[in-house]
């Protein structure tokens, strides 16, 4: 007796490009830490924006005291 599922083509699953939940949580924590260290308070120049972005991405360095302000 043959398998009735043998006539169906196997399904091909592709992984969707996107962000993982862990990466989103990392960015949210980074945004909160950067905001509490006043990196997002006065964004009036590209340097201030880049400092905020850098602080959001590298937030563990803020917790150990590294200054990420671009001068």
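The values are calculated or read from the model by the stated rules, or taken from the named source; none is laboratory data. The model shown is predicted, which means the values in this text are computed figures rather than measured ones. Here Cβ is always computed from backbone atoms with ideal geometry, including for glycine, and neighbour counts include all displayed protein chains.
Side notes on the structure shown:
- Close Cβ contacts (under 7 Å, 6 or more residues apart or on different chains) running from residues in region 48-61 that are within 17 Å of residue 24 (Cβ to Cβ) to residues that are exposed (fewer than 15 other Cβ atoms within 10 Å of the Cβ) and modelled with pLDDT of 95 or more comprise 56/27; 59/29.
- The set of residues from region 34-53 being in contact with a helix residue (DSSP H, G or I) (Cβ under 7 Å, 6 or more places away or on another chain) and surrounded by fewer than 17 Cβ atoms within 10 Å (Cβ to Cβ) comprises 42, 43.
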